[in-house]
Amino acid sequence: MFRTRVSDSKEMNTGRVIVEKGFVYEKETHLTVMKTSLFFAGDGFAVYDSNGQVVFRVDSYGPDNRDAGELVLMDSSGRCLLTVRRKRPSLHQRWEGFIGERTEGDKPIFSVKRSSIIGKSNMTVEMFGDRSEEYHIEGCFSQRNCTMYDSAKETMAEIRRKVDASTNVMLGKDVFSLTLKPGFDGAFAMGLVLVLDQINGDDGGVDLDPTMEECSLSS
């Protein structure tokens, strides 16, 4: 079934639980991400599974947000899973992620920053605490075409344009797909999507790596 969870034994070996194990799947999982004003005035996000059920939502996002540099990712019931917050001041548009709803004094579990190497502009995700791995994001988010990799260059998640299956027509950029590889934390991946969307908005459309045709997320 679609929402098959990673078993406890498998999780110990291959599951990459970062935010919550309930969003780590044994099989490759396809989510549909939609920028929407469904819940409150202004921008927001709703994320659906292949059965049309809401998996994640972001309500507190847009010009009316209490902190324009802070977003809260929630599950379908409105429970806070992850807060991403822009670190100020920052020369490299550094964002930090916190478990649940951030309160003063909380320590981040990861940070995201732009890393420019030989003319390329990619994103590096640094993990904190007892996790030492890094993730890298490459591609062109403005075209909804990027990939997330781990330090071994294995693909963990992919962002792609969404095609309507019934008409074979490519949908607008406000609707796109997020594909999760087996064992990768979907809540963590969606938190990174929020950061990419914010950075893309700040830059008026940023290519994470202009030499690549895809964008990937790895761990």
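Worth a mention:
- Restricting the stretch 8-58 to residues that are open to solvent by less than 30 Å² (accessible area, probe 1.4 Å), modelled with pLDDT of 85 or more and in a loop (DSSP other than H, G, I, E, B) leaves a set whose member that is farthest from Asp150 (Cα to Cα) is Asp49.
- Some residue of the stretch 160-176 being under 25 Å from Arg114 (Cα atoms), acidic (Asp, Glu) and modelled with pLDDT under 95: yes
- Conditions (1) modelled with pLDDT of 85 or more; (2) over 13 Å from the mean Cα position of the chain (by Cα); (3) closer than 18 Å to Leu192 by Cβ; (4) not aliphatic (A, V, I, L, M): number failed by Lys107: (3)
- Some residue of the stretch 122-134 being under 16 Å from the mean Cα position of the chain (by Cα), at pLDDT below 90 and not in a strand (DSSP E or B): no
- Scanning the stretch 158-189 for residues that are free of Cβ contacts under 8 Å to residues at least 60 places away in the same chain, in a loop (DSSP other than H, G, I, E, B) and open to solvent by 60 Å² or more (accessible area, probe 1.4 Å) yields Ala165, Ser166, Thr167, Asn168, Val169, Lys173.
The values are calculated or read from the model by the stated rules, or taken from the named source; none is laboratory data. Note that the coordinates shown come from a computational prediction; the quantities given were computed from them, not determined experimentally. Cβ sites come from the backbone with ideal geometry, for glycine too, and all protein chains shown count toward neighbours. What goes into the accessible areas is simple: the full protein's heavy atoms, side chains included, and nothing from ligands, DNA or RNA. Shrake-Rupley method; radii C 1.70, N 1.55, O 1.52, S 1.80 Å.
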